[in-house]
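Please treat every number below as a calculation from the coordinates, not as lab data. Computed from a predicted model, the values in this text were never measured in an experiment. Cβ placement follows ideal geometry from the backbone for every residue including glycine, while neighbour counts extend to all protein chains displayed.
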Amino acid sequence: MDKKSEKTLINFKKAKSHIEKIIKMIEDGDYCIDIMQQNLAVIGLLKSAHHMLMEGHLNTCFKNAMKTNNETRKQKMVAEILKVSKLANK
């Protein structure tokens, strides 16, 4: 596993840990603002992981597809990026 993949995985593991903490906080009836701060931390970790995944994809799969003469493959890659970008911006 390369360094970027390791960093991405660490972000997902941290997010998982925060989510488990959030669940416990809700079960314990903790203060809403404290729960929301933890939730924002999770959102930040997930956004960061998403950007790392996107960067990796663009620098590998997407870049390789753009080097080919296969127009269908190129269009498929562009469509995939657009689809994921739209989902990320909802």
**Prompt:** Quick one: net charge of Leu40's neighbours, Cβ under 12 Å, K/R +1, D/E -1?
**Reply:** 0
**Asked** Which lysines have a Cα lying under 17 Å from the Cα of Lys86, excluding residues fewer than 8 positions away in the same chain?
**Response** Lys47, Lys76
**Fill in**
Given all pairs of distinct Cα atoms, the chain yields a Kirkwood Rh in Å of 15.3 Å
**Request:** Just subtract the alpha-carbon distance of Asn89 and Ser17 from 0.36 nm times their residue separation and send over the number in nm, one decimal.
**Result:** 23.4 nm
**Request:** May I ask you to list the chymotrypsin sites (Phe, Trp or Tyr not before Pro) in the range 1-65 that are in a DSSP loop and have at most 11 other Cβ atoms within 10 Å of their Cβ?
**Result:** Tyr31
**Fill in**
Assertion target for Leu87, Leu58, ordered by fewest C-beta neighbours within 10 angstrom first, is Leu87, Leu58
